[in-house]
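Comments concern the structure below.
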């Protein structure tokens, strides 16, 4: 345990009405606030603290509650002052594109490859060094080295444990859910990035026609539409639906909060295919960022065993570098089907959005 | 003689300054529209296909239908509560007045999630009722759910503006009506209600525009509105240009709503001919009606506030039971209070010239100014935030990602709330009172600060309250425009809910409600409604 004092300076504004006209003048005033934070520092990290470690600006499409602890660790061991802007991945990508070369960001940590793809297409990433890219499987990084995967998640079906016996009741692959026996029992989140990535994978594996038939078949089964993954997991546990198409890790957070009696579990479709597609959160360095060296330190840190162990143990994700243990309930990544598509390809993504629009899934 | 000439000169300087301030504010408020036009010029062809598709038209009609229904529903909840808490001898009036405004601080996605967990197909209520043989609850998903959540969370807009109108209303009219032999009901419908038109219209406008820009409740409740289509454009296609075109349509829609508001508010004068300060209004004795009245108020509070707060408490307790680590909240709380407090003052100051011009000046420019102030209000926060990112990062770098630019973002988003509340109160002040003060030799500033502002106080405090509550819960602008590392209670709630950490979300959410009740309490306790 190590106590670290973090200084926050806050600008206060005083607004003054000047002699009756409503001109507003501003005067900054600095107030020092001290907060004590406990930071766990692992011993394995070998990073040398420099005299003036400087700073780093992170734009994160991943949420604060997930990644702030590991960022705090990075700051503690390197002494680098890290400032983070949090938001949804698509919003952060839009912000970066609006800022253009004036962006204060050094790195962009995106929840899904689509967001990274949008920023890459705007030409804002710097190419990452080959030895950094070499740490991660080539399937989980951009083709031209713009970004690299940090941690992975798999598509699964979440099922209600009271009504479904996974050994006998579930089909081998996604296609099975178009059968009429599933009518009124399914849920999905068609606007969600991970779901759309899965559909993109379906299009690549099955072709447009079969994918369209699948979408229409699921809709014909009166699928419940959810805004994102988490309410689907909650709905599966409550019995509102029997099956939801989700990412694997939300379930583990629900169980952590509500206990083992939580009435939903994940199932990896045994027949393979895009039903258990693996997707990654990505990081890339913004080429106009002022702190290039620190940005690279951060990328390296995220691919270090310490950070990878954090993702495996604390956020229930798949580590992407060799030699880090996964959560005991997860199917190893090597046993999941590998689908060779570029999930950051926006043209592909648009094709998926068009298909979803065409069948009316986005209404 | 000399003083009169001097005074006239002062008045014209005063006027020019107000015009200048008004013009400056209007320019600021037009920034999002400029930005959208710039973006829309780059738009590809595919977006026109989306825009003019039968599907989008259907969504557009559904959006209008939802906005209309929620506005009417909110008025039905708000007007009785406003009247009861200002005009009747309802027990614990101030207590009800505070509690009934607080639902405004609950973010709509949180509200929707909580409602589903209670009233959803397999929610808590269903579980409690199933031993009694209730197999299925009425359908929540779809229009009914969206209507329910949005009405319960946005009726305080109408409540606040209507209460301000009631407090400022000239009691002589009602007295005259009672003296002429009309009963309480008849007086309410013939005299009071017509007098409330500006307040009702101002609040109704805020509700309708809020529905237009809402994303959280409608997506949870599976009722696709125009804003959802716009979000899909950003989220799924990363297409800013297409989204810009859709956002321009939202601006057009808000202008349409504005026209309806102007029709509703009417052209009449709402001030008494000679009365300066308001006398004490008649307090109606409720008699036996007090019981149904109490039942009504408590039902509304139960559904809109206690139900969400109760579930949040449940989550919190459950989180504590498993000894979950709760991150420290006091910095977020401090940031929330500071940003909401500063925003309320800043926005109020900006709203005064706009509202004053729109009431006192009859020309087209003054009317235009007021319209402009509403143009961004129907835009989803994210669109306003991106506009400010565009201008801030490229043309105002020194204030980019500082509290200053954040305040401008809030100004663009929330000015209409303050203008709406203020305007209603200014309307109730007779210009002859101001003129009388001036002929007594007081300068325009002195008249404004010692006559106009004190008389308009109900509207001013209503404006402050509305802005404070909505900034407290604001999310996209705070996330995008805030200084690096800036977190508020609203961002803490969002960050936790996003990852299904409900125990961690409950603490900041409850604190949000609790802290908001303090300034609302101060405002209500200062009211003179004896």
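Each value in this text was obtained by applying a stated rule to the coordinates, not by laboratory testing. Everything numeric here is computed off the predicted structure, so don't read it as measured data. All Cβ positions, even for glycine, are placed from backbone atoms using ideal geometry, and neighbour counts span all protein chains on display.
Angle of helix A:346-359 to the longest C-alpha principal axis of chain A, folded into 0 to 90 degrees and rounded to 10: 50°.
Classify the stretch B:136-188 as rounded, prolate or oblate from the Cα gyration tensor: take a ≥ b ≥ c as the square roots of its eigenvalues, call it rounded if a/c is under 1.5, otherwise prolate when a/b beats b/c and oblate if not. It comes out oblate by the Cα gyration axes. With neighbour counts taken as other beta-carbon atoms within 10 Å, the residues B:83, B:494, B:185 rank, fewest first, as B:185, B:83, B:494.
Calculate, for residue B:306 and residue B:450, the FRET efficiency according to 1/(1 + (r/R0)^6) with r their C-beta to C-beta distance and R0 45 Å; round to the nearest 0.05.
Numbers: r = 42 Å, r/R0 = 0.94.
Plugging the Cβ-Cβ distance into 1/(1 + (r/R0)^6) gives 0.60.
Summarising the label geometry, the points placed 7 Å from Cα in the beta-carbon direction at residue A:130 and residue B:368 lie 6.3 nm from one another. Net length available on complete extension from residue B:173 to residue B:299 is 42.2 nm, with 0.36 nm assigned per residue and the Cα-Cα distance removed. Built from the Cα atoms of the protein assembly as shown, the convex hull projects on average onto 38.6 nm², one quarter of its surface area. Here, the stretch B:299-456 yields an orientationally averaged convex hull projection of 14.7 nm² when only Cα atoms define the hull. Per-residue Cβ neighbour counts within 10 Å put A:254, A:245 in the sequence A:254, A:245, beginning with the fewest. How would you classify the stretch A:212-363 from its alpha-carbon gyration tensor, with a ≥ b ≥ c the square roots of the eigenvalues: rounded for a/c under 1.5, else prolate if a/b is greater than b/c, otherwise oblate? Since a/c reaches 1.5 but b/c is at least a/b, the shape of the stretch A:212-363 is classed as oblate. Helix A:64-78 and the longest principal axis of the Cα set of chain A meet at an angle near 40°. Legend: mean number of C-beta atoms from other chains within 10 angstrom of residue C-beta atoms, peptide A:250-261, equals 3. The distance linking the stretch B:17-78 with the stretch A:317-354 is 39 Å (Cα centroid to Cα centroid, whole angstrom). Look at B:452, A:331 and count the other Cβ atoms within 10 Å of each Cβ; fewest to most, that gives A:331, B:452. Counts of other chain beta carbons within 10 angstrom of each beta carbon in peptide B:479-488 average 6. Spin-label model, residue B:69/residue B:432: points 7 Å from Cα along the beta carbon direction are separated by 4.8 nm.
Restricting the calculation to Cα atoms, the stretch B:428-530 shows an Rg/Rh of 1.21 when the hydrodynamic-style radius is the Kirkwood one.
Need one word for chain B: rounded, prolate or oblate. Basis is the Cα gyration tensor (sqrt eigenvalues a ≥ b ≥ c); a/c below 1.5 gives rounded, then a/b vs b/c decides. Oblate. Distance from the alpha carbon centroid of the stretch B:241-256 to that of the stretch B:444-471 works out to 32 angstrom. Stretched out straight at 0.36 nm per residue, the stretch from residue B:318 to residue B:262 would grow longer than its current Cα-Cα span by 15.2 nm. Counting only other chain Cβ atoms within 10 Å of each residue's Cβ, the peptide A:80-87 averages 5.
Quick one: if the Förster radius is 35 Å, what FRET efficiency do residue B:125 and residue A:168 give, using the C-beta to C-beta distance and rounding to 0.05?
Values: r = 33 Å, r/R0 = 0.94.
Taking R0 as 35 Å, the efficiency between residue B:125 and residue A:168 is 0.60.
Tell me, what is the FRET efficiency for residue A:325 and residue B:45 to the nearest 0.05, using R0 = 45 angstrom and their Cβ-Cβ distance as r?
Working: r = 51 Å, r/R0 = 1.13.
E(calc), rounded to 0.05, equals 0.30.
Relative to the present Cα-Cα distance, how much length would full extension add between residue B:57 and residue B:514 at 0.36 nm per residue of separation? The partial results should precede the final answer.
Numbers: separation 457, 0.36 × 457 = 164.52 nm, distance 4.14 nm.
Contour length minus Cα-Cα distance gives 160.4 nm.
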